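These notes concern the structure reproduced below.
The values are calculated or read from the model by the stated rules, or taken from the named source; none is laboratory data. None of the values given here were measured: they were computed from a predicted structure. Cβ coordinates were reconstructed from backbone atoms using ideal geometry, including for glycine residues, and neighbour counts include every protein chain displayed. Calculation scope for accessible area: heavy atoms of the full protein, side chains included, ligands and nucleic acids excluded. Shrake-Rupley method; radii C 1.70, N 1.55, O 1.52, S 1.80 Å.
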Amino acid sequence: MTSPLVRVRLDVAYDGAPFSGWAVQPGRRTAQGALEDALELIIRRPVRVVVAGRTDAGVHARGQVVHLDLTQREWEGLARRSSDEPQDVLVRRLHGALSRVLGEETGALVVRGAVVPPVGFDARFSALWRRYSYRIADRPENWDPVLRGITLWHRASVDVDRMNAAGDQLLGLQDFLAFCKPREGSTTVRTLQEFGFERAHDGVVVARVRADAFCHNMVRALVGSALRVGEGLESVEWLHERMLARVRDAKTRLAPPHPLVLEEVGYPESAAEMAERAELTRALREPLAGR
């Protein structure tokens, strides 16, 4: 009889600059590839991880979440020679294994914690929402070389109130085809829960974008389009009009990836809600693959 697997949640942060995105790609360094290579060094077999949200090349993460499955023997074996809990040993050993995998890029990816989550947890399908931030310096006096790796140096001033008025019109359950790069078999319908801009105390404009999930390039397309409204190049109603028309043309410009950060992924609190959410989301997403 096969023993049940132990599902492990990892909380991960990474600098996106050295990686060609999250997902494994032959011949390219990716965040997923680095993490799975490190896990293989520890577990002594290939270990596949499932991520809450795949990020593009150059995009960073402070609050990425993944899960992996280990056998009971593998899990208990982590702490065989230690008085620490298996999750603490795994985090510690991953630190060393990632250093070996990343070499001179050591520190570009960090595992902040590991836990055995409630039964039914799925890093991707149990998630209620993902939240991103995006920094925009639209005044030369705010072009800080120290932070240029995570900030857009925008050459035109923007009106935050206009951008917020435009963003408010996109909230709710909508078809975001105009702001996505469609993938075959995938839906472009999402629930946008928050899309706002605030000028911080240092003068930098920070966007907050939160949704139940995002389709490919969605956040960068939303921010890039909002910047056109903020500059006065388009009307406040323009984003909403494009969404309704499901238009993708030369004006659909992606904001650069380097200021984009996956900040946080939200999950239900109880095990019952966790499993229910996973089942519901899987039902909404997976049947599309057969169409």
**Asked** Considering only Ala166, Ala97, Thr151, whose Cα is most displaced toward the positive end of the charge dipole of the chain, charges sitting on Cβ of Lys, Arg (+1) and Asp, Glu (-1)?
**Response** Ala97
**Prompt:** For the chain, what is the calculated [θ] at 222 nm in deg cm²/dmol (nearest 500), taking -39500 (n - 2.57) for each run of four or more DSSP H residues and dividing by its residue count?
**Reply:** -8500 deg cm²/dmol
**Asked** Once the Cα atoms of helix 31-43 and of the chain are each reduced to a long axis, what angle between those two axes, in degrees from 0 to 90 to the nearest 10, is obtained?
**Response** 10
**Asked** Taking the alpha-carbon centroid of each part, what is the distance from segment 1-74 to segment 227-241 in angstrom?
**Response** 38
**Request:** Keeping every protein chain in place, order Arg124, Arg81, Arg277 by accessible area at 1.4 Å, biggest value first, i.e. largest first.
**Result:** Arg81, Arg124, Arg277
**Request:** With N set to the residue count of segment 205-291, report its C-alpha Rg divided by 2.2 N^0.38 Å to two decimal places.
**Result:** 1.39
**Fill in**
Carbon plus sulfur, as percent of the 1.4 Å-probe accessible area of segment 159-291, comes to 49
**Prompt:** If we count every other residue with Cβ under 12 angstrom of Arg139's Cβ, Lys/Arg +1 and Asp/Glu -1, where does the sum land?
**Reply:** -2
**Prompt:** Using a simple charge model, +1 on the beta-carbon of Lys and Arg, -1 on the beta-carbon of Asp and Glu, nothing else, what dipole does segment 143-291 show about its Cα centre, in debye to the nearest 20?
**Reply:** 700
**Largest to smallest accessible area among Glu241, Glu198 [probe 1.4 Å]** = Glu198, Glu241
**Asked** To the nearest 20 debye, what charge dipole does the chain have about its Cα centre, counting +1 at the Cβ of each Lys and Arg and -1 at the Cβ of each Asp and Glu?
**Response** 800
**Prompt:** So what does Lys181 come to for accessible area, using a 1.4 Å probe and Å² rounded to 10?
**Reply:** 110
**Request:** Over every pair of different alpha-carbon atoms in the chain, take the mean of 1/r and invert it; report that Kirkwood radius in Å.
**Result:** 20.4
**Asked** Accessible area per residue of segment 54-211 at 1.4 Å probe, in Å²?
**Response** 51
